[in-house]
1. Roughly what would the spin-label model give for ARG127 and GLU145, points 7 Å off Cα along C-beta, in nm?
2. Using a Förster distance of 22 Å, how high is the FRET efficiency between ARG37 and ALA238, based on the Cβ-Cβ distance and rounded to 0.05?
3. Quick one: work out Rg over Rh on the C-alpha atoms of the stretch 30-73, Rh as Kirkwood radius.
4. Could I have the simple spin-label model distance between LEU70 and ARG111, label points 7 Å from Cα toward Cβ, reported in nm to one decimal?
5. Over the Cα atoms of the stretch 83-236, each weighted equally, I'd like the Debye log10 I(q)/I(0) at q = 0.09, 0.12 Å⁻¹, rounded to two decimals.
6. Apply 1/(1 + (r/R0)^6) to the Cβ-Cβ distance of ASP90 and HIS163, taking R0 = 51 Å, and write down the FRET efficiency to the nearest 0.05.
7. Mind giving me the FRET efficiency for ARG208 and HIS77? R0 is 41 Å, r the Cβ-Cβ distance, nearest 0.05 is fine.
8. Quick one: Kirkwood hydrodynamic radius for the stretch 1-60, alpha-carbon pairs, angstrom, one decimal?
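Any read-out appearing in this document is the output of simple, stated calculations on the displayed coordinates, not a laboratory observation. Keep in mind the model is a prediction, meaning the values are calculated, not measured. Here Cβ is always computed from backbone atoms with ideal geometry, including for glycine, and neighbour counts include all displayed protein chains.
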Amino acid sequence: MSRLDTVQWGTDRLRVSPWRGDHGIAYVAPAPGEPPRPEALAQCLRTLQQAGYSSVLTSALNPIEQQPFLAQAFSVHEHLHLLRHDLEGDLADPGGPAPAFAQGPAPATSRPTMRRGRRRDRAAVLRVDHLAFDPFWRFDQSGLEDARRATPTSRFRVTVVGHAVVGYAVTGRAGPVSYLQRLAVDPEHQRHGIARSLVLDALRWARRRGAMSMLVNTQEQNDGALALYRSLGFVLEAQGLDVLDRRLERDDHAGAGDPPDADPRRPGTDPGLVDPDRGRSA
Ligand SMILES: CC(C)(COP(=O)(O)OP(=O)(O)OC[C@H]1O[C@@H](n2cnc3c(N)ncnc32)[C@H](O)[C@@H]1OP(=O)(O)O)[C@@H](O)C(=O)NCCC(=O)NCCS
């Protein structure tokens, strides 16, 4: 199977990578707010079929972004709640003050400490991610890197207890909008206020950087995350997002027009697109 990481047709550009390292499933992400034209999407599907993929999963799309995909017989794989936090008002924590976590480098105590995430934390962060998320939603290394690079600026924070990473958050900002891209806490350390501190840190960072709002999406049945976000002042948007999927049939190969401008670089290495990672629940 050849490797693709973007498929371009005219001015339409779709980012493509194997879904969580599964080389049978292609993850396809249009640039936010720029749904592909029908012919570009049809060509993309043919290219993916030729590249050996058997099915396609999209990033989380709003109703307008979904239209060309639905016209190509995609169906809803999963509905996600979308929540927004206005950053212009007070950032009061209705849940009460966050636990007094130390910031920055800390001695190895049992007290949770939040600090900047580093490259060498990646394995520990992915371990937390694997413990916290269902297999389908777990990040691999490229997922984590994509989340960090999806916006022009981002913040990567980890919470450590002793020397062990027990929680992390990735937040990004693109213009006036910030995105809580990912949040996970080791199940053995949950319900101790670690996520609340990470989200408050993300909100404060985004506001300092001039963002007017923060968005986060989460699975419909993720009651814990919903309760957390609502307790911190996030409000459910009227319309959520949908992850769509579709099998690739041999017919997708028929009728190809001019060859697309496929970029056979390594998957997951295209940092040029602003993709608020709405395909992943935070
Ligand atoms: C959601 C998650 C990040 C919460 O982490 P946490 O450190 O346990 O959360 P906190 O202790 O800071 O919880 C703060 C508040 O959020 C709410 N909350 C958190 N987890 C909850 C749960 N499982 N059920 C109900 N309410 C919950 C509560 O109001 C809680 O306050 P309380 O403990 O005083 O009642 C964690 O459960 C997790 O990693 N889940 C799997 C990954 C995930 O869902 N990430 C977010 C995806 S959008």
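1. 2.2
2. E between ARG37 and ALA238, to the nearest 0.05, is 0.20.
3. Radius of gyration over Kirkwood radius for the stretch 30-73 works out to 0.95.
4. 5.3
5. Values returned for q = 0.09, 0.12 Å⁻¹ are -0.25, -0.46.
6. So the FRET efficiency works out to roughly 0.90.
7. Between ARG208 and HIS77 the formula returns 0.70.
8. 11.3
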